[in-house]
1. Sum -39500 (n - 2.57) across every DSSP H segment of at least 4 residues in chain B, then divide by the residue count to get the 222 nm mean residue ellipticity, nearest 500.
2. Please work out whether the protein assembly as shown counts as rounded, prolate or oblate from its C-alpha gyration tensor, where a ≥ b ≥ c are the square roots of the eigenvalues and a/c under 1.5 means rounded, while otherwise a/b larger than b/c means prolate and anything else oblate?
3. Taking the stretch A:5-85, how much of its Cα-Cα pair set, in percent, is spaced more than 19 angstrom apart?
4. Count, for each residue of A:27-35, the Cβ atoms from other chains sitting within 10 Å of its Cβ, then give me the mean as a whole number.
5. Of the options B:F197, A:W12, B:F178, report the single residue whose Cα projects farthest towards the positive end of the charge dipole of the protein assembly as shown (beta-carbon charges: Lys, Arg +1; Asp, Glu -1).
6. What average count of beta carbons from other chains do you get within 10 Å of the Cβ of residues in B:40-51?
7. Shielding by partners for B:64-73, please: the mean number of other protein chain Cβ atoms within 10 Å of each residue's Cβ.
8. Please report the relative contact order for the stretch A:5-85, taking Cα pairs under 8 Å with a sequence separation of at least 6, and give it as a percent rounded to a whole number.
Amino acid sequence: MLQTPQALRRAWIGLVAITVLSLVVAEFSAISAGVETAVVIAAAAIKGRIILVRYMGERSFPTWLRLYFGGWLVVCATVIIGFHFS
Amino acid sequence: MGKVTQLANTETSANHRDPQDMSLPGDVGFWTFITADASLFALLFFQFSHDRSSQPAVFDEGQRDLIVLLGTVNTLVLVTSSWLMASAVRNMYRHSVRMGLRLIAGTAALGVVFAALKISEYVLTLRSGHTVSTSPFFMYYFVITGIHLAHLILGVVVLIIVGWRLRAGIRGPLDRTFLECGAAYWHLVDLLWMFIFPMLYLAR
């Protein structure tokens, strides 16, 4: 399903905001490295979800493809965060 | 005569397809390729994270020498290009062909900006003495971002082909497939970078 121009613009604003927030957390915050990693990778997964839903039309995907990309986001984020804490 | 009428009806139906009724963009074969490609990157993320966990100090030292600002700017360039591409698809389906083509051109132009910034970053990194063989971190840095850059350059070529093919608008189902596959591929390039950027530049 095509998104409205407003929805596309909101998605872009969200992506820009999360990118800038990730940078601030990584470069200027005083939190521990592990928490910082968890935050920026979780933010990446959220951005991935926005791209899938708003730009790639994930809601019109067949079940197998929705499951694949849903799993892909979770696996990528879990692997990167998990190894950082191991 | 019957066949001609049938063909004309098919083309008319394709041109006036209700965008609200869109099913899977592109075709199944293309999505199989996309999932295989995304899986390859997932394996690269796994291998990078696994190796990083065995020598975190080496990876942290390498990461400190990356130019985070360039990575951030490139992230903003890519998410903006994805916005333009999604808007291009909408415009093409709404018969605003001229605006759609401009947006596709804008997407490709931002792709060129990303590539130029990435190549500049490579030059600066190499000049500061880091090569593929400097450390495991830089091996992964050059390999992962290099494969991604190759995807992006291919994406720019695909967008040029899509723009050229659709210069008169969407004239049939094949044009639709070209547009949807080109857009989905571009969004995949963006999606992959969403993990590459924080994994290489930010996560410590």
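1. On the way: 7 runs with 162 residues, N = 204.
So the helix-based figure for chain B works out to -28000 deg cm²/dmol.
2. On the way: a/c = 2.22, a/b = 1.98, b/c = 1.12.
Verdict is prolate for the protein assembly as shown.
3. 45 percent
4. Numbers: counts 5, 0, 0, 0, 0, 1, 4, 2, 0.
Rounded to a whole number, the mean comes out at 1.
5. B:F178
6. Mean number of neighbouring Cβ atoms from other chains: 3.
7. 1
8. Details: 39 pairs, mean separation 28.7, N = 81.
Worked out over the stretch A:5-85, it gives 35 percent.
Read-outs throughout are calculated quantities, based only on the coordinates presented, and are distinct from any laboratory measurement. The structure displayed is predicted, hence computed values, not measured ones. Positions of Cβ are generated from backbone atoms using ideal geometry, with glycine treated the same way; all protein chains shown enter the neighbour counts.
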